[in-house]
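The values are calculated or read from the model by the stated rules, or taken from the named source; none is laboratory data. Computed from a predicted model, the values in this text were never measured in an experiment. Neighbour counts run over all protein chains shown; Cβ positions are idealised from the backbone, glycine included. Just the protein is used for accessible areas: all its heavy atoms, side chains included, with ligands, DNA and RNA removed. Shrake-Rupley method; radii C 1.70, N 1.55, O 1.52, S 1.80 Å.
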Amino acid sequence: MKIGELARQAGCQVETVRYYEREGLLQPAIRDQTNNYRHYDSTHLERLMFIRRCRALDMTHGEIRVLLQARSQPDADCGTVNALIDEHLHHVQARICELNMLENQLNELRSHCNANWATRDCGILRELEQTEEPEYVSPVITPGHLAGSHSH
């Protein structure tokens, strides 16, 4: 199948397929000698679907590489897979805590203005203009692969 068909069946954009190929997550397609078109088969589709499921779980490319390597060794022990998921789950739980703290900070900030005043009288803007940082404004982001955002 051509790249457009692969992308359609996987539910993604053609550029996503190319991106995963460039990143080494998806094995390169066989090129037609006549017209240089990429040709993909069912193994490409299966691997692309696997990658997309991992990305839907917000896994990094490094994590996906580990899982792809584990898939390529069907008789190996899956302890590495379990450890990877445990660590990823820990990152997700930490991010949930960070987001809950952020929600509390935003609620506290929102409580400073409960009416539609002129912006010069807005309590939220006054709070944000303070020279000393109140405790609730301190960022809570902890280092980890979920503290930022993943692309693709």
From Asn104, Asn100, residue being open to solvent by 90 Å² or more (accessible area, probe 1.4 Å) and either at positive phi or modelled with pLDDT of 95 or more (or both):
Asn104
In region 64-96, which residue that is out of contact with any helix residue (DSSP H, G or I) (no Cβ under 6 Å at 6 or more places or on another chain) and touching a residue at least 24 places away in the same chain (Cβ under 8 Å) is most open to solvent (accessible area, probe 1.4 Å)?
Arg65
Looking at Arg55, Arg47, can you tell me which residue is out of contact with any Gly (no Cβ under 7 Å at 6 or more places or on another chain), in a helix (DSSP H, G or I), within 30 Å of Val92 (Cα to Cα) and open to solvent by 40 Å² or more (accessible area, probe 1.4 Å)?
Arg47
Starting from region 4-28, keep only residues that are under 24 Å from Ala70 (Cβ atoms), then list their pairs with residues that are outside any helix (DSSP H, G or I) and open to solvent by less than 60 Å² (accessible area, probe 1.4 Å) whose Cβ atoms are within a distance under 7 Å, requiring at least 6 positions of separation or different chains.
Leu6/Tyr40; Val17/Leu26; Tyr20/Leu26
Give the residue that is modelled with the lowest pLDDT, with candidates limited to residues of region 107-152 that are part of a helix (DSSP H, G or I), of a type in the set (D, E, K, R) and open to solvent by 50 Å² or more (accessible area, probe 1.4 Å).
Glu135
Would you say Gln33 is outside any helix (DSSP H, G or I), more than 24 Å from the chain's Cα centre (by Cα) and either touching a residue at least 60 places away in the same chain (Cβ under 8 Å) or at negative phi (or both)?
yes
Restricting the search to region 3-24, which residues are under 23 Å from Glu63 (Cα atoms), open to solvent by less than 30 Å² (accessible area, probe 1.4 Å) and out of contact with any His (no Cβ under 8 Å at 6 or more places or on another chain)?
Ala7, Ala10, Cys12, Val17
